[in-house]
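Working notes for the structure below.
The values are calculated or read from the model by the stated rules, or taken from the named source; none is laboratory data. Since this is a predicted model, take the numbers as computed values, not measurements. Virtual Cβ from ideal backbone geometry, glycine too; neighbours counted across all protein chains shown. The accessibility values were calculated without ligands, DNA or RNA, using every heavy atom of the protein model including side chains. Shrake-Rupley method; radii C 1.70, N 1.55, O 1.52, S 1.80 Å.
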Amino acid sequence: MKLTKDQVKKVAKLANLPLSEAEEEESAEQLSKILDYIDQLEKVDTRGVEPTYNVTGNENVMREDEIGESLSAEDALKNASKTKDGFFVTKGVFESE
Amino acid sequence: MYKPVIGLEVHVELNTKSKMFCNCSADYFGKKPNTHTCPVCLGLPGALPFINKQAIEGCLKIGLALNCTPAEESLFERKNYFYPDLAKGFQTSQYRWPLSVKGWIDIEDKSGEKKRIRINRAHQEEDTAKLMHQLGNSKTQETSNNENITGIDFNRSGVPLVEIVTEPDFTDSSQIRDYAKKLQQIFRYLGVSNADMERGDMRLEANVSVREVGNEKWDVRTGKLPPYRVELKNINSFRFMVAAVEYEIKRQIELLEAGRDDELRQETRGWDENKKITYVQRSKEEAHDYRYFPEPDLPEFRVQSSEFRIDDIKKGMPELPWMKAERFVKELGLKISDAKILTEETELADIFEKLVKIGREKEIEPKVLANYVVNQKIDLLNKDPNQIIDDIKSKSVGIISDEEELDKVCREVIDENGGLVQFYKRSLIPSGDEIKKGNPNMLNVLIGGVMRKTQGKANAGLVRKILEKLLNG
């Protein structure tokens, strides 16, 4: 299956990845190959097989509502490229929250 | 003729101690930014979520109160999108396998007319981080720093959130208010959320379109809805939501009437309170491609399983407001209007019941108490119940002790119950006192007659004396 350039652009946008024109070409080729690879699964006969969403077989595993330790604000912010007054900082987004 | 077609989505934050998928405190309001975080709610790579049981129970309780069916099988899914309020790149939510499905709730307008709203689902998800726009860019600093930045506080990230989605059953804006108020009351009765709109505990979103009456292309009953839908979002009060919906209905009808159908689009609009208009926040087509898929890091639920004991959750449900009101009418003899007011909040209802108990010892009828509390707008939360009873006693508020008035009513009752009065008179026997004694059951029936005529406000002891004086001589 060959992905069109428009499809690649859409996927890149959804993934929030800025791609150059050359990268778009390259990604189209690579993603198409991946899809072909995955398409091999189509050959498997899955009649009568229930869909599986979780491979552990666990069900209803939950914890009690108890408060544990959190990170200090200092540790939480340690790897941020930009901070201010205890906040992580990013480029302004204008959509009101 | 056009008719609005409106569906509502309500988000409510649960008041659990810890977050949905980690042990961080969920009490974020007014706290220092980024002090309630861990690798899970910061969305750090490799962190694994762990489901909060009490949150799931809260979500199921909400579903049960809304007459939903708990799903046989439920699981979490990833809702994928990029926005700074979501560090993982997806929100852990539910889409195809919600916890509770297919319910309904009856709302009532001011005249008491009922309308049934169908509930599509109640599902569990997590709240996002809080964004602060143009942080530190106050007016005084504007000249030195006009860079637009957004600050992110992850304290709210991962707080349990329940989303309740209705079918498009609302046909006017007042129903939205009635519904939202009813949900708020249910959340508070269940004790699962404070449901404070201003704090953002409870948020409303409305999907509004209008259809032409008789246009069979768009018919709610056949599931054929208008081909567009305007989503009203980020509105933090009941009043503004009602105003926004009203404006939107008007705007859409005007466009349809002018033949400008093509300007009606799938889009998200907000409410500008100053200008009293709705405005476009984003057009929907490109924004909504969430590519949901099952969350592989979280196990599935079998809601009807033994671990869950859904029957225990059902048994643990409190008496809901409309049930309480009905009981007040049936057992305490209150007027339905008083019963509704007294059951608006669960705390008030509890205090009133305490009051009834004390009142009983002092021979004050629940109905008299209810009348007094409602009419005098007594602040039950801040007044000692004993004091209220004493006030009623001393002022005899609402109780008729006027002998002349009661004498008149007693005579009416005697006239209306000729047969009974004759039997009563025959039952009189000399008691040694001046006044003879008659059959007490028959006398009680007559006292009851006086009570009915005075809506239970007559001073019962006095009525007895007057009747005996009139009949026993």
Tabulated pairs, segment B:333-358, first more than 13 Å from residue B:375 (Cα to Cα) and not assigned by TED's automatic domain parsing to the domain that holds residue B:452, second crowded, with 16+ Cβ neighbours inside 10 Å and among the acidic types (Asp, Glu), C-beta under 8 angstrom, 6+ apart or interchain: B:333/B:365
Check on residue A:65, more than 7 Å from chain B (Cβ to nearest Cβ), modelled with pLDDT of 90 or more and either surrounded by 11 or more Cβ atoms within 10 Å (Cβ to Cβ) or at positive phi (or both): no
Index of the failed condition, residue B:95 passing every other in (1) closer than 19 Å to residue B:125 by Cβ; (2) surrounded by fewer than 21 Cβ atoms within 10 Å (Cβ to Cβ); (3) more than 10 Å from chain A (Cβ to nearest Cβ); (4) out of contact with any strand residue (DSSP E or B) (no Cβ under 7 Å at 6 or more places or on another chain): (4)
Complete set of residues in segment B:145-173 that are closer than 21 Å to residue B:226 by Cβ and either of a type in the set (S, T, N, Q) or within 11 Å of another protein chain (Cβ to nearest Cβ) (or both): B:166, B:171, B:173
Filter result for residue A:45 (in a helix (DSSP H, G or I), open to solvent by less than 100 Å² (accessible area, probe 1.4 Å) and at pLDDT 90 or above): no
Segment B:1-22 - residue that is of a type in the set (A, V, I, L, M) and in a strand (DSSP E or B) and, of those, farthest from the other protein chains (Cβ to nearest Cβ): B:5
Yes/no for residue A:73 being open to solvent by less than 100 Å² (accessible area, probe 1.4 Å), touching a residue at least 12 places away in the same chain (Cβ under 8 Å), in contact with a Lys or Arg (Cβ under 8 Å, 6 or more places away or on another chain) and within 7 Å of another protein chain (Cβ to nearest Cβ): yes
Candidate set from segment B:79-92 (those that are open to solvent by less than 40 Å² (accessible area, probe 1.4 Å) and more than 9 Å from chain A (Cβ to nearest Cβ)); member that is farthest from residue A:13 (Cα to Cα): B:92
Residue that is nearest to residue B:83 (Cα to Cα), among those in segment A:1-20 that are part of a helix (DSSP H, G or I) and away from every other protein chain (no Cβ under 14 Å): A:8
When residues of segment B:98-127 are limited to those that are surrounded by 17 or more Cβ atoms within 10 Å (Cβ to Cβ) and among the hydrophobic types (A, V, I, L, M, F, W, C), the one nearest to the other protein chains (Cβ to nearest Cβ): B:99
Condition check for residue B:75: touching a Ser or Thr at 6+ places or on another chain (Cβ under 9 Å) and surrounded by 18 or more Cβ atoms within 10 Å (Cβ to Cβ): no
Answer residue from segment B:23-48, given it is more than 8 Å from chain A (Cβ to nearest Cβ) and within 32 Å of the chain's Cα centre (by Cα) and is nearest to residue B:85 (Cα to Cα) among those: B:41
Residues of segment A:3-39 satisfying the condition of being open to solvent by 50 Å² or more (accessible area, probe 1.4 Å), among the β-branched types (Val, Ile, Thr) and in contact (Cβ under 8 Å) with a residue 12 or more places away in the chain: A:4, A:11
Looking only at segment A:76-94, and only at residues there that are in a strand (DSSP E or B) and open to solvent by 50 Å² or more (accessible area, probe 1.4 Å), the one that is farthest from the other protein chains (Cβ to nearest Cβ): A:83
Selection status of residue B:59, in the same structural domain as residue B:88 (by TED's automatic domain parsing), under 23 Å from residue A:73 (Cβ atoms) and buried (at least 21 other Cβ atoms within 10 Å of the Cβ): no
Some residue of segment A:21-33 being under 30 Å from residue B:298 (Cβ atoms) and within 14 Å of chain B (Cβ to nearest Cβ): no
Entirely in segment B:354-473, the helices (runs of 4 or more DSSP H) that have 1 or more residues that are in contact with a Gly (Cβ under 9 Å, 6 or more places away or on another chain) and basic (Lys, Arg): B:366-375, B:418-426
Count - residues of segment B:328-352 that are part of a helix (DSSP H, G or I) and open to solvent by 60 Å² or more (accessible area, probe 1.4 Å): 8
Whichever residue in segment B:281-313 is within 8 Å of another protein chain (Cβ to nearest Cβ) and in a strand (DSSP E or B) and, among such residues, is modelled with the lowest pLDDT: B:282
Pairs with Cβ under 9 Å, 6+ apart, first in segment B:228-251 and open to solvent by 40 Å² or more (accessible area, probe 1.4 Å), second in a helix (DSSP H, G or I): B:229/B:284; B:239/B:177; B:246/B:173
Checking residue A:56 against (1) open to solvent by 60 Å² or more (accessible area, probe 1.4 Å); (2) away from chain B (no Cβ under 14 Å), the condition it does not meet: (2)
